[in-house]
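Below is one structure, written out as structure tokens; comments come after it.
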Amino acid sequence: MAPSGTLRAAINFGNPILASRDPVSGEPQGVSVDLARELGSRLGVPVKLILYPAAGKVVEGIKAGEWDLGFFAIDPVRAAEIDFTPAYVVIEGAYLVPQDSVIRSNEEVDQEGMRVVVGRGSAYDLYLTRELKKATIVRAATSPAVTDMMLTDRIEVAAGVKQQLQADAKRLPGLRLLDGRFMVIQQAMAVPKGRGAVAAAYLSLFVQEMKATGFVARALQRHAIDGAAVAPP
């Protein structure tokens with residue numbers, strides 16, 4: 001798990017459900033931070049948080065050998081480079097549109113002439129690249145930049161974490177969230193391929209224990225996270 005003697009945990013600020021900065025101290029906080037530190041405590045090694053602005057940047061860090069532990073949405077594309085645990089939380093992906101948009105439902109997004117902006121390399125990018133047949137995908141540098149890019153470039157639809165888009169709709173006038181969700185994201189812990197079956201198995205058992213003992217539920221409550229649920233065993 002930590003061949004250097006320090007557990008290097010990749011923390012993605014592109015998903016506010018998982019991690020954010022404390023508004024006062026600026027220090028990383030969130031359920032993924034709590035899990036990384038608990039794992040380091042179990043292993044008896046120090047934890048170093050490697051900070052990234054987006055999930056795509058975390059994936060790029062695999063090739064550079066920058067981290068030992070990651071937090072990702074489970075996706076078959078990423079599985080080529082990453083060994084996933086079972087999910088620890090499930091979250092929803094949603095669409096945001098201008099208030100006067102003709103689009104009223106998730107099913108109406110995939111049509112000719114529609115552009116959907118997503119964070120480059122995010123779970124939404126990977127999923128919609130496979131699923132959308134008619135709409136065009138436009139990629140922002142990070143997921144938090146999606147709504148601003150939609151407005152600046154007059155793009156028809158923004159896609160991302162439901163809670164992030166809800167916050168954007170409150171922050172910026174003239175926007176509305178489509179009802180429901182277009183995908184459910186299973187968020188898991190992960191290690192780079194090649195770390196061995198023992199590391200992957202240990203991490204999977206750790207995740208199952210963190211769910212069963214209420215650790216994940218308490219972390220979500222402690223960080224006031226709405227819209228995410230503890231994944232089933």
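The values are calculated or read from the model by the stated rules, or taken from the named source; none is laboratory data. Predicted, not measured: the structure shown is a model, and the values here were computed from it. Positions of Cβ are backbone-derived with ideal geometry, glycine not excepted, and every protein chain shown enters the neighbour counts.
So the values come out like this:
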| quantity | calculated |
| --- | --- |
| Single residue of segment 22-65 satisfying the filter (touching a strand residue (DSSP E or B) at 6+ places or on another chain (Cβ under 6 Å) and among the charged types (D, E, K, R)) that is nearest to ALA199 (Cα to Cα) | ARG37 |
| Residue in segment 39-56 that is surrounded by the fewest Cβ atoms within 10 Å (Cβ to Cβ), counting only those that are more than 12 Å from the chain's Cα centre (by Cα) and in contact (Cβ under 8 Å) with a residue 60 or more places away in the chain | ARG42 |
| Selection count where residues are surrounded by fewer than 19 Cβ atoms within 10 Å (Cβ to Cβ), among the β-branched types (Val, Ile, Thr) and over 30 Å from VAL102 (Cβ atoms), scope segment 179-224 | 2 |
| Long-range neighbours under 9 Å by Cβ, at least six apart or interchain, first residue at positive phi within segment 77-88, second buried (at least 21 other Cβ atoms within 10 Å of the Cβ) | none |
| Residue satisfying condition, being outside the structural domain of LEU178 (by TED's automatic domain parsing), out of contact with any Lys or Arg (no Cβ under 7 Å at 6 or more places or on another chain) and either among the basic types (Lys, Arg) or closer than 30 Å to ARG154 by Cβ (or both), within set TYR52, TYR95 | TYR52 |
| Qualifying residue in segment 119-136 (condition: modelled with pLDDT under 95, of a type in the set (Phe, Trp, Tyr) and either in contact with a Ser or Thr (Cβ under 9 Å, 6 or more places away or on another chain) or in the same structural domain as LEU51 (by TED's automatic domain parsing) (or both)) | yes |
| Boolean, LEU178 is outside the structural domain of ALA54 (by TED's automatic domain parsing), in contact (Cβ under 8 Å) with a residue 24 or more places away in the chain and not β-branched (Val, Ile, Thr) | yes |
